[in-house]
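Accompanying notes for the structure given below.
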Amino acid sequence: MGFLAGKRAFIVGVATDRSIAWGIARAMHREGAELAFSYVNDKMKERVEPLAHSLGSRLTMPLDVTVDGQIDAAYELLKREWGALDVLVHAVAFAPREALTGNFVAATSREGFRIAHDVSSYSLTALARGAQPLMAGRAGALLTLTYLGAMRSIPGYNVMGLAKASLEANVRFLAADLGPAGIRVNGISAGPIKTLAAAGIPGFRKMLSRVAEIAPLRRNVTLEDVGNTAAFLCSDLAAGITGEIVYVDGGFSTVGMSFPLEAGEG
Ligand code: NAD
Ligand code: 0WE
């Protein structure tokens with residue numbers, strides 16, 4: 001029996017079969033969880049529904065996290081269909097494309113800042129509010145996805161780094177608030193993975209190859225790496241872990257000499 005048998009998980013953030021949320025869904029399904037999925041708009045509905053069906057899920061719904069009414073409607077549907085919820089996966093981030101292009105100061109407008117923080121951080125608080133009553137009396141778990149740009153300046157990540165720093169603080173404040181109700185809240189800081197959100201980021205391929213040269217494991221991380229850690233963190237195996245950011249990055253963030261030695265030097 002899988003270590004998530006009997007758990008019901010709501011997955012927010014699947015866009016394609018390369019989405020990190022999809023890697024998480026596959027791992028959770030393998031471990032016996034029952035899944036529900038949201039899609040951001042009608043275009044994504046066409047992509048997400050067949051993916052959901054392939055994991056035996058018929059529970060899919062629209063959810064743009066910037067619209068309060070859609071959050072309410074999603075939880076009303078979950079309450080009607082399931083009555084309760086064990087796991088929420090938040091794998092959503094967005095900043096206007098111009099905000100991720102060029103230098104930080106030049107690229108960061110008031111509106112870009114607002115949108116990045118609304119979609120990428122506030123949405124976790126809003127989704128946690130809806131999940132709380134459905135998780136009452138159960139060992140609930142919330143999980144979000146973050147990136148090293150929260151802690152270090154990374155060229156081009158720009159205002160998304162500020163939004164991820166806010167998201168990581170959000171994890172700690174939610175953990176403190178919801179812990180007494182038995183709900184754990186954690187984040188995974190993933191190394192770069194080629195997803196839809198990464199497509200079209202200038203220099204992303206080069207970033208992948210540099211990380212694979214420098215990281216202790218000498219490779220990039222996979223959807224399976226992140227999915228397995230996510231399944232663990234949302235299971236009762238991780239019952240003592242909350243308010244934590246777990247790095248799934250092949251160790252990249254732990255090294256301080258960020259260039260490989262030339263052949264023969266070591
Ligand atoms: P992705 O494009 O597959 O997923 C991003 C998701 O965000 C999409 O499903 C998109 O529909 C959704 N989204 C955007 N705006 C939304 C809104 N207003 N309402 C609801 N959903 C919305 O890309 P991904 O890389 O799988 O991203 C998932 C998470 O992983 C993000 O938080 C991202 O920051 C994080 N992350 C990604 C990487 C990477 O290198 N790919 C690394 C670390 C962390
Ligand atoms: O969080 C992310 C990317 C999130 C993202 C991506 C886009 C592209 C399309 C947010 N908003 C948008 N807006 C769009 O219009 N990552 C962790 C992936 C990523 O993005 C980078 C990275 C990495 C890694 C941008 C610059 C440098 C590194």
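Assorted remarks:
- Sequence-distant lysines (8 or more away, or on other chains) whose Cα lies within less than 27 Å of K45: K7, K79, K164, K194
- Evaluating 6.51 cos²θ - 1.76 cosθ + 1.60 at θ = phi - 60° for every residue in region 138-152, the Karplus couplings come out as 10, 7, x, 9, 10, 9, 10, 10, 10, 9, 3, x, 5, 10, 10 Hz, glycine and proline recorded as x.
- The region of the chain that goes longest without hitting one of the GluC sites (Glu not before Pro) in a DSSP loop, each with at most 12 other Cβ atoms within 10 Å, is 1-261.
- Taking A141, A27, A107 as the candidate residues, the one with maximal mean-square fluctuation in a Gaussian network model of the chain, Cα springs under 10 Å, is A107.
- Where only DSSP H runs of four or more residues are counted, the chain gives -12000 deg cm²/dmol as its mean residue ellipticity at 222 nm, each run worth -39500 (n - 2.57).
- Nearest 10 degrees, 0 to 90: helix 204-214 Cα axis against the chain principal axis: 80 degrees
- In this structure the amide hydrogen of M61, modeled in the peptide plane, comes within under 5 Å of the amide hydrogens of F37, S38, Y39, none closer than 5 places in sequence on its chain.
- Share of carbon and sulfur in the accessible area of the chain stands at 56%, probe radius 1.4 Å.
- Rolling a 1.4 Å probe over the protein heavy atoms gives the chain an accessible area of 48 Å² per residue.
- Helix axis angle, 223-233 relative to the chain longest principal axis, alpha carbon, degrees: 50 degrees
- Cα long-axis angle, helix 123-134 against the chain (0 to 90 degrees, to the nearest 10): 30 degrees
- Amide H to amide H distances under 5 Å link V246 with G187, I188, S189, where only residues 5 or more positions off or on other chains count and H is placed in the peptide plane.
- Loop-located trypsin sites (Lys or Arg not before Pro) in region 127-179, at most 10 other Cβ atoms within 10 Å (DSSP): R152
- Trypsin sites (Lys or Arg not before Pro) within region 189-266, DSSP loop, no more than 15 other Cβ atoms inside 10 Å: K194, R218, R219
- Stretch gain in nm, segment R210-E244, where the contour uses 0.36 nm per residue and the Cα spacing is subtracted: 9.6 nm
The values are calculated or read from the model by the stated rules, or taken from the named source; none is laboratory data. The structure presented is a predicted model; accordingly, all values stated were derived computationally and were not measured. Ideal geometry is used to build each Cβ from the backbone, glycine not excepted, and the neighbour counts take in all protein chains shown. Heads up: the accessible areas ignore ligands, DNA and RNA and are worked out on the full protein's heavy atoms, side chains in. Shrake-Rupley method; radii C 1.70, N 1.55, O 1.52, S 1.80 Å.
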